[in-house]
Amino acid sequence: MSKYRVQYTDNALAGYNALSSSTRREFDRAVDSMSYSPRTYGDAIRGNPDRRTAVLAGVITEYEVSSGVLVVTMLHVRGL
């Protein structure tokens, strides 16, 4: 199984930076785990398996999976 590279939009990065340092550490571990199989986390948005929403380490995320280049793009990151 290949690991996907994770990148953040400016909006998602702003949400990530707003998290506490301890939450960021837990979130980073959860994102690393998710990056091996991003379609098995959370739920598809509007039936699109490449567009997903998931709660990772207590953080609400929305991301898009690009299989052709093995990239997960974080679109939204919001702490609870």
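The values are calculated or read from the model by the stated rules, or taken from the named source; none is laboratory data. From a predicted model like this one, the values you see are computed outputs, not experimental measurements. For neighbour counting, all protein chains shown are included, and Cβ atoms are generated from backbone atoms with ideal geometry for every residue, glycine included. Side chains included, ligands, DNA and RNA excluded: accessible areas come from the protein's heavy atoms. Shrake-Rupley method; radii C 1.70, N 1.55, O 1.52, S 1.80 Å.
Assorted remarks:
- Any hit, segment 12-24, residues being open to solvent by 70 Å² or more (accessible area, probe 1.4 Å) and among the charged types (D, E, K, R): no
Table: residues versus (1) without any contact (Cβ under 8 Å) to a residue 40 or more places away in the chain; (2) among the basic types (K, R).
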position	(1), (2)
G15	no, no
T23	no, no
D28	yes, no
M34	yes, no
R39	yes, yes
D43	yes, no
V55	yes, no
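- In segment 25-42, of all residues being surrounded by 15 or more Cβ atoms within 10 Å (Cβ to Cβ) and aromatic (F, W, Y), the one that is nearest to L70 (Cα to Cα) corresponds to Y41.
- Members of segment 1-12 found to be in a helix (DSSP H, G or I) and without any contact (Cβ under 8 Å) to a residue 40 or more places away in the chain, listed by number: D10
- For I45: the one exception among (1) within 11 Å of the chain's Cα centre (by Cα); (2) open to solvent by less than 50 Å² (accessible area, probe 1.4 Å): (1)
- Matching entry among R29, R24 (being under 18 Å from N11 (Cα atoms) and among the basic types (K, R)): R24
- Residue match in segment 59-77 (condition: among the aromatic types (F, W, Y), open to solvent by less than 70 Å² (accessible area, probe 1.4 Å) and not in a strand (DSSP E or B)): no
- The lone exception for V55 - which of (1) surrounded by fewer than 16 Cβ atoms within 10 Å (Cβ to Cβ); (2) farther than 23 Å from M1 by Cβ; (3) within 11 Å of the chain's Cα centre (by Cα); (4) of a type in the set (A, V, I, L, M) it fails: (2)
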